[in-house]
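The structure appears right after this line, and notes come after that.
The values are calculated or read from the model by the stated rules, or taken from the named source; none is laboratory data. Keep in mind it's a predicted model, so treat the numbers as computed, not measured. Cβ placement follows ideal geometry from the backbone for every residue including glycine, while neighbour counts extend to all protein chains displayed.
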Amino acid sequence: MSRYLLDKFLYTVDRDPELTERYREDPAGTVEWWEAEMAGSLLNSTSAERTTWLAFDDEERRALREHDHVALFQLGAHPFLTLTLFIAVFERDHGPLEYQRAYGRALAHLSMPYPDITT
């Protein structure tokens, strides 16, 4: 499991409107493409330097493909990164703050100590 890679996915997809839309429309395809093409690139780097050891595990892939923010939180993904991306993906389908409230309700069953979100 790599919290770093989960957070990197959430961060990079959220900051690119075309990629955000792609993730909304085809989450499985976007996760597969991103893992193959982007996971090994250095975050915020303009060089061609890459690494080959980063990959999602099966549970991470499933949670990303299914837009399962509760599972992502339990896996250690940073909740602010998940929330901001999922607002971009789903807020248009809901009324004002409706998605944010549903997000909070879905996490309400969790109690402290929360999963470690440090990277």
Can you tell me which residue is surrounded by the fewest Cβ atoms within 10 Å (Cβ to Cβ) among those in the range 1-37 that are at pLDDT below 85 and part of a loop (DSSP other than H, G, I, E, B)?
MET1
Can you pull out the residues in the range 67-76 that are small (Gly, Ala, Ser) and either within 16 Å of GLU21 (Cα to Cα) or modelled with pLDDT of 90 or more (or both)?
ALA71
Select from the range 38-61 the residues that are farther than 23 Å from PHE73 by Cβ and small (Gly, Ala, Ser) and write down the one among them that is modelled with the highest pLDDT.
GLY40
Return the pair list, or none, for Cβ contacts closer than 8 Å from residues in the range 5-27 that are touching a residue at least 24 places away in the same chain (Cβ under 8 Å) and of a type in the set (A, V, I, L, M) to residues that are surrounded by fewer than 18 Cβ atoms within 10 Å (Cβ to Cβ) and not in a helix (DSSP H, G or I), at least 6 apart or on different chains.
LEU5/LEU54; LEU5/ALA55
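Please work out which residue is surrounded by the most Cβ atoms within 10 Å (Cβ to Cβ), limiting yourself to the range 97-114 and to residues that are part of a helix (DSSP H, G or I) and among the aromatic types (Phe, Trp, Tyr).
Filtering the range 97-114 down to residues part of a helix (DSSP H, G or I) leaves 98-107.
With among the aromatic types (Phe, Trp, Tyr) added as a condition, the list becomes 99, 103.
On the way: TYR99: 18, TYR103: 20.
Looking at the filtered set, the residue picked out is TYR103.
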Restricted to the range 59-96 and to residues being more than 26 Å from SER111 (Cβ to Cβ) and of a type in the set (A, V, I, L, M, F, W, C), the residue surrounded by the fewest Cβ atoms within 10 Å (Cβ to Cβ) is ALA88
